[in-house]
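Down below is the structure, laid out as structure tokens.
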Amino acid sequence: MTLAEDNGPERGGDDMFAAEYVLGVLPVEERQIASRRIDSETDFARLVDGWEVHLSPLAAAYPEIEPPASVKPAIDRRLFASTAPTSADARAGLWSSLAFWRGLAAAAVAALAIYIAIPYVNPPVAQPQARLVASLAADGSDVKYLAVYDAAHHEVGLSHVSGERATGKDFELWMIEGKNPPVSMGVIPVGSTAHIVVSPAAQQKLAQGAVLAVSLEPAGGSPTGQPTGPVVAAGDLKSI
């Protein structure tokens with residue numbers, strides 16, 4: 001269940017509903033509802049616009065890359081280059097040739113057989129999800145974060161939605177895998193957005209969809225290596 005379902009428009013959670021719409025994590029039905037509300041409700045449309053601006057810094061570290069100019073001509077040549085004879089009669093003879101179509105069918109069957117067999121000969125290596133997202137929140141707490149795990153860059157991007165840390169305290173991010181003890185991912189820097197580098201040991205666990213949690217700790221983080229303060233926000237990582 002998403003936060004949109006827990007705190008959707010009927011429960012006054014329009015801000016998180018808009019945020020999840022921008023992140024693209026809503027189910028199809030809820031996304032359709034949000035799209036209709038954008039067209040019909042000015043206030044909700046402003047929330048969506050605000051979240052698009054608010055979340056844009058999370059992607060600032062990943063500049064757009066323009067493919068080389070040679071790529072499109074090469075694709076065009078592969079797809080559209082003519083290999084048929086220039087004579088109209090020769091083309092007609094080719095397309096009407098029974099031997100040609102039998103040969104083409106045999107080649108297609110052989111290609112299909114190879115395509116089917118390759119995965120069994122060389123099983124594909126499982127690739128981690130490129131991006132996972134989580135809405136971090138907890139009952140009785142006004143602290144909310146949106147988290148995006150980017151497997152390609154090995155980092156978690158955090159967007160601070162609401163809730164302030166007390167004076168002399170810090171928020172610390174934790175990874176929880178099953179019943180194993182929480183693993184600290186570091187103190188969350190103050191600010192509307194933050195990026196936390198993921199250690200190699202934690203990357204595979206995050207890619208499998210671990211839980212992220214935020215606890216309130218003394219300044220500088222937990223002195224014990226385990227959460228010492230209350231968990232003020234938590235959520236499951238899910239694929240986009």
> Among the residues of segment 171-211 satisfying the criterion of being among the charged types (D, E, K, R) and not in a loop (DSSP other than H, G, I, E, B), which is most open to solvent (accessible area, probe 1.4 Å)?
Replying inline: Lys205
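Quick grid of which residues meet (1) out of contact with any helix residue (DSSP H, G or I) (no Cβ under 8 Å at 6 or more places or on another chain); (2) surrounded by 10 or more Cβ atoms within 10 Å (Cβ to Cβ); (3) farther than 30 Å from Glu155 by Cβ; (4) at pLDDT below 65:
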| position | (1), (2), (3), (4) |
| --- | --- |
| Tyr21 | no, yes, no, no |
| Val25 | yes, yes, no, no |
| Glu29 | yes, no, yes, no |
| Ser40 | yes, no, yes, no |
| Pro67 | yes, no, no, no |
| Thr86 | yes, no, yes, yes |
> Inside segment 164-179, can you point out the residues that are within 20 Å of Leu237 (Cβ to Cβ) and in contact with an Asp or Glu (Cβ under 7 Å, 6 or more places away or on another chain)?
Replying inline: Glu172
>> If I go through segment 212-240 residue by residue, how many of them are in contact (Cβ under 8 Å) with a residue 40 or more places away in the chain, among the hydroxyl-bearing types (Ser, Thr, Tyr) and surrounded by fewer than 15 Cβ atoms within 10 Å (Cβ to Cβ)?
In response: 1
> Within segment 134-170, restricting attention to residues that are under 21 Å from the mean Cα position of the chain (by Cα) and of a type in the set (S, T, N, Q), which residue is surrounded by the most Cβ atoms within 10 Å (Cβ to Cβ)?
Replying inline: Ser135
> Under 8 Å by Cβ, and 6 or more places apart or on different chains, what pairs join a residue from segment 183-195 that is in contact (Cβ under 8 Å) with a residue 60 or more places away in the chain and closer than 18 Å to Val211 by Cα with one that is open to solvent by 30 Å² or more (accessible area, probe 1.4 Å) and assigned to a loop (DSSP other than H, G, I, E, B)?
Replying inline: His195/Ala61
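The values are calculated or read from the model by the stated rules, or taken from the named source; none is laboratory data. Note that this is a predicted model, so its numbers are computed, not measured. Because the Cβ atoms are built from the backbone with ideal geometry, glycine has one as well, and the counts that use them run over all protein chains shown. Ligands, DNA and RNA are stripped out before the accessible areas are found, and what is left, the full protein with its side chains, is counted by its heavy atoms. Shrake-Rupley method; radii C 1.70, N 1.55, O 1.52, S 1.80 Å.
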